[in-house]
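Undergrad: Dropping a structure here in structure tokens format, bear with me for questions.
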Amino acid sequence: MKPVLLIFEQRMMGDAIMSLPFVRAALEGYDVYVTCTPATVPVYEMVLPSDRIIPWTPPWLADEGKYDRKRWAESGLNAYLQVIKGVRPQVAVSVWADARVHWLMAMSGAKKRVGFPMVKQNYYANHLPWRQRQLRLGKVLSLAGAVAAFKPLLNMSLERRTEQQHHVVCWQQVAQALLLPWRDAAPWLMPPVATFPDEVQRTIDDARATGQVIWMAYAGARLEAHRWPVENFDRVLREELQAAGARVILLESPEVEWPGTLKHTFPSCRAKDIPSLFATVAQADALLTNDTGVAHVGAALGKPVVAIFSASNPDWFAPWGSRPRAVQRNVCEFHPCFGKCQQPSYICRDSVTVEMVGKSVRQLQGELAARG
């Protein structure tokens, strides 16, 4: 019987996707369980049985009232702790420098707890005053938790090799610490089969028959600071891709509505869930997106992505394999701010020009067209 390994990844869809190479590696030597937010369960259901996935939303993920007593009382924390203890993990891992997660790892009962302690080298955006306060508080929590538990929260501590290290490389470090094989070549999973609206299917079939490149475009993002203006997408799609003879499919998002004039030019579709999103993106040759989970869907499937970055750092979170195509203009002294903007407007987002994105799209389109 294999030992049990419990992965703690309780953040957003893109973060869950970036953990998939580690999940694949861990399956070689362990019975793997994952604890994640309910929203990311479908990501892990494509690689793990449902009974190996433990959903729970930490109260501290809330935008407001992270430490409200009522929120914690209603979070189901005690029941959750019983579930993760019941898994009986021998090993617990996380790549987040977060003492709260490390406390959960210790409470799981895992004898080996591998992660990145809360020190400056490991802590994203440690230049910001509010992040520095969190870092100091985290160090206090780490010490208090170790005293209360009569053991260090982490007993295998790692350190990022550089402060600009990509998030996927952090997972690679955990794999190496556990002597696991590491393969980050995509695809990281096999997407399900899906059906598409007639117009979308015709576009796919025609492009395949004529050797045209298929681009998919996504203008949404959870954070407003990450949403490049849709009229800019319109210009790039028309001036660069339509003019070059590429075929374009618009991916609908819950946050941004494509203009009617653009939808009359290009077919559009809306994925009903995360598996169908993977199935849809699998039909593309390339993607144009904001810094959002859809960009990481493309990366997981081995698709080149032109991703528009604003409040975040592409060195850390660019779609894996597409860092050179991440478009960003660093014009703010507070960058990266993780969406907590200190300026009167989103200057990091609005300073990214159509010409900058168009250049990256044009270069990739040329590469793909040359491949035939």
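The values are calculated or read from the model by the stated rules, or taken from the named source; none is laboratory data. Just so it is clear, the model here is predicted, and its values are computed rather than measured. Cβ coordinates were reconstructed from backbone atoms using ideal geometry, including for glycine residues, and neighbour counts include every protein chain displayed.
Undergrad: Mind checking which pairs have a first residue in the range 17-42 that is closer than 23 Å to W103 by Cβ and a second that is surrounded by fewer than 24 Cβ atoms within 10 Å (Cβ to Cβ) and of a type in the set (D, E, K, R), Cβ under 6 Å, 6 or more apart or different chains?
TA: That search, which allows pairs on different chains as well, returns Y30/K2; Y33/R52.
Undergrad: In addition: On the given criteria, is R362 farther than 24 Å from Q242 by Cα, in contact (Cβ under 8 Å) with a residue 40 or more places away in the chain and either part of a helix (DSSP H, G or I) or of a type in the set (S, T, N, Q) (or both)?
TA: Spelling it out, it is not the case that R362 is farther than 24 Å from Q242 by Cα, in contact (Cβ under 8 Å) with a residue 40 or more places away in the chain and either part of a helix (DSSP H, G or I) or of a type in the set (S, T, N, Q) (or both).
Undergrad: Let me ask something additional. When you scan the range 20-33, how many residues do you find that are β-branched (V, I, T) and within 13 Å of V91 (Cβ to Cβ)? Reasoning before the result, please.
TA: Of all residues in the range 20-33, those β-branched (V, I, T) come to 23, 32.
Now drop any that are not within 13 Å of V91 (Cβ to Cβ), which leaves 32.
The number of residues fulfilling the criteria is 1.
Undergrad: How many residues, within the range 1-42, are assigned to a loop (DSSP other than H, G, I, E, B) and not small (G, A, S)?
TA: Number of matching residues: 11.
Undergrad: Now, a different point. Would you pick out the residues in the range 82-134 that are touching a strand residue (DSSP E or B) at 6+ places or on another chain (Cβ under 9 Å) and of a type in the set (G, A, S)?
TA: Answer for the range 82-134, where residues must be touching a strand residue (DSSP E or B) at 6+ places or on another chain (Cβ under 9 Å) and of a type in the set (G, A, S): A92, S94, A97, A106, S108, G109, A110, G115.
This table checks each residue for (1) modelled with pLDDT under 95; (2) of a type in the set (G, A, S); (3) in the same structural domain as G293 (by TED's automatic domain parsing); (4) over 19 Å from the mean Cα position of the chain (by Cα).
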site: S322; (1), (2), (3), (4): no, yes, yes, no
site: N330; (1), (2), (3), (4): yes, no, yes, yes
site: F334; (1), (2), (3), (4): yes, no, yes, yes
site: C337; (1), (2), (3), (4): yes, no, yes, no
site: C341; (1), (2), (3), (4): yes, no, yes, yes
site: S345; (1), (2), (3), (4): yes, yes, yes, yes
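Undergrad: Could you give me the residue pairs with C-beta distances under 6 Å whose first residue belongs to the range 249-261 and is farther than 21 Å from D198 by Cβ and in the same structural domain as L288 (by TED's automatic domain parsing), whose second residue is among the hydrophobic types (A, V, I, L, M, F, W, C) and modelled with pLDDT of 95 or more wherever it lies, and which are 6+ apart or on separate chains?
TA: Final answer for the pair search is V256/A219; V256/V230.
Undergrad: Of the conditions (1) closer than 28 Å to L20 by Cα; (2) under 24 Å from the mean Cα position of the chain (by Cα); (3) crowded, with 17+ Cβ neighbours inside 10 Å, V213 satisfies every one except a single condition; which number is it?
TA: Single failed check for V213: (2).
Undergrad: Based on this model, can you work out whether K303 counts as charged (D, E, K, R), part of a loop (DSSP other than H, G, I, E, B) and touching a helix residue (DSSP H, G or I) at 6+ places or on another chain (Cβ under 7 Å)?
TA: It is true that K303 is charged (D, E, K, R), part of a loop (DSSP other than H, G, I, E, B) and touching a helix residue (DSSP H, G or I) at 6+ places or on another chain (Cβ under 7 Å).
Undergrad: Which members of the range 216-246 meet the condition of being buried (at least 17 other Cβ atoms within 10 Å of the Cβ) and either without any contact (Cβ under 8 Å) to a residue 24 or more places away in the chain or in contact with an Asp or Glu (Cβ under 7 Å, 6 or more places away or on another chain) (or both)?
TA: G220, A221, H226, R227
Undergrad: Give the range 195-206 a look and list any residue that's closer than 22 Å to V294 by Cα and more than 29 Å from the chain's Cα centre (by Cα), or say none.
TA: Step one: filter the range 195-206 for residues closer than 22 Å to V294 by Cα, giving 195-197, 199-201, 203-204.
Answer for the range 195-206, where residues must be closer than 22 Å to V294 by Cα and more than 29 Å from the chain's Cα centre (by Cα): just E199.
Undergrad: Hey, any hits in the range 323-337 for a residue that's within 23 Å of R362 (Cα to Cα), touching a Leu at 6+ places or on another chain (Cβ under 6 Å) and assigned to a strand (DSSP E or B)?
TA: no
Undergrad: Here is a follow-up. Could you name every one of the strands (runs of 3 or more DSSP E) located completely within the range 45-139 that has at least 1 residues being free of Cβ contacts under 8 Å to residues at least 40 places away in the same chain and within 25 Å of the chain's Cα centre (by Cα)?
TA: Output list reads 53-55.
Undergrad: With the condition kept exactly as written, say whether any residue in the range 269-291 is under 18 Å from G14 (Cα atoms), polar (S, T, N, Q) and in contact with a His (Cβ under 9 Å, 6 or more places away or on another chain).
TA: Scanning the range 269-291, I find at least one residue that is under 18 Å from G14 (Cα atoms), polar (S, T, N, Q) and in contact with a His (Cβ under 9 Å, 6 or more places away or on another chain), so the answer is yes.
Undergrad: Find the residue count for the range 285-305, including only residues that are touching a Pro at 6+ places or on another chain (Cβ under 7 Å) and farther than 22 Å from R24 by Cα.
TA: Qualifying residue count, the range 285-305: 2.
Undergrad: When you look at R371, is it basic (K, R), closer than 24 Å to Q212 by Cα and surrounded by fewer than 21 Cβ atoms within 10 Å (Cβ to Cβ), yes or no?
TA: Criteria met by R371.
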